[in-house]
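Undergrad: Take this structure, written in structure tokens, and hold onto it; I'll ask about it next.
Here, each number is a calculation from the coordinates, and none is a lab measurement. All figures in this text were calculated on a predicted structure; none of them were measured in a lab. As a convention, Cβ positions derive from the backbone with ideal geometry for all residues, glycine included, and neighbour counts pool all protein chains shown.
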């Protein structure tokens, strides 16, 4: 079930960040890994220069895909947009196990986790680089 959720999340993940927030958080990730700082240098609006007004949470979540993409010769900006698909899959899995731990059958757990995953705003946010799925 988690693999199916991950597959759907990856399938619908955009190839580039199309939101200002996600691009700034990705810029902080780039700065952390390449310069060892938290400075934002690519802010087209100039609102988050020299430092982002967002927390470090998503920038830290973006570190593994960004690092992997750079070392595999791929575009890091494409890979960081896929981070929320993993958070989505882990959330669906956590809802399943929480349901089972609360006394639901496995079937009820599957139904509950799928309803939460696809019947709420969790999935629409999972295919963005925004921080909502992680909070």
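Undergrad: For the condition under 21 Å from the mean Cα position of the chain (by Cα), surrounded by 13 or more Cβ atoms within 10 Å (Cβ to Cβ) and not in a helix (DSSP H, G or I), what is the one hit in 84, 77, 48?
TA: 48
Undergrad: Of everything in region 33-45, what is surrounded by 13 or more Cβ atoms within 10 Å (Cβ to Cβ) and over 14 Å from residue 22 (Cβ atoms)? Give them in sequence order.
TA: 33, 38, 39
Undergrad: Consider residue 127 carefully, then state whether it is over 16 Å from residue 62 (Cα atoms) and touching a residue at least 24 places away in the same chain (Cβ under 8 Å).
TA: So residue 127 does not fit the description; no.
Undergrad: Also, I was wondering about something else. Of everything in region 9-40, what is over 18 Å from residue 132 (Cα atoms), in contact (Cβ under 8 Å) with a residue 40 or more places away in the chain and in a helix (DSSP H, G or I)? Give them in sequence order.
TA: Selection gives 30 alone.
Undergrad: Same structure, new question: Tell me whether region 96-119 contains one or more residues that are touching a helix residue (DSSP H, G or I) at 6+ places or on another chain (Cβ under 9 Å), under 23 Å from residue 135 (Cα atoms), touching a residue at least 60 places away in the same chain (Cβ under 8 Å) and not in a helix (DSSP H, G or I).
TA: no
Undergrad: Please find, within region 62-74, the residue that is farthest from residue 134 (Cα to Cα) out of those that are part of a helix (DSSP H, G or I) and touching a helix residue (DSSP H, G or I) at 6+ places or on another chain (Cβ under 9 Å).
TA: Once the filter is applied, the top-ranked residue is 70.
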